[in-house]
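Trainee: So that we are looking at the same thing, I have put the structure below in structure tokens.
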Amino acid sequence: MVADALHARFGNALRLVPPPDGRPDAVAVGRLGARLLAAGAGIAAETLTPVYVRRAEAEVQRTGERFEALCTRFDTPGNLS
């Protein structure tokens, strides 16, 4: 759903795996989290805030925009690994 926007933003630095293998599951998310934590990317739980990529349908109807602007924390491809 957001592949075109991500490709526009990150170009060839982005690798997408098509479904069904590209669908995240609990194991994949856990492994990614463990990898980030081992690399020192952990933060205190009380500082976490949700990042919503897709707007609620009411917001889409009101603004005409389906996706939120990308969070600056994820603006560089290096922050996605």
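Trainee: What accessible area per residue, rounded to a whole number of Å², is obtained for segment 1-65 using a probe radius of 1.4 Å?
Mentor: Heavy-atom accessible area per residue stands at 86 Å².
Trainee: Sticking with this structure for a sec: Subtract the Cα-Cα distance of residue 38 and residue 52 from 0.36 nm times their separation in residues, and report this length gain in nm to one decimal.
Mentor: Taking residue 38 through residue 52 to full extension adds about 2.5 nm, to one decimal.
Trainee: Order these peptides, 30-39, 15-24, by their mean beta-carbon neighbour count within 10 angstrom, highest first.
Mentor: 30-39, 15-24
Trainee: Near the amide H of residue 67, under 5 Å away, which other amide H atoms are found, from residues 5 or more places off or on another chain, if H is placed in the peptide plane?
Mentor: Here 55 satisfy the definition.
The values are calculated or read from the model by the stated rules, or taken from the named source; none is laboratory data. None of these values were measured; they are calculated from a predicted model. As a convention, Cβ positions derive from the backbone with ideal geometry for all residues, glycine included, and neighbour counts pool all protein chains shown. Accessible surface areas use protein heavy atoms only, side chains included; no ligands, DNA or RNA. Shrake-Rupley method; radii C 1.70, N 1.55, O 1.52, S 1.80 Å.
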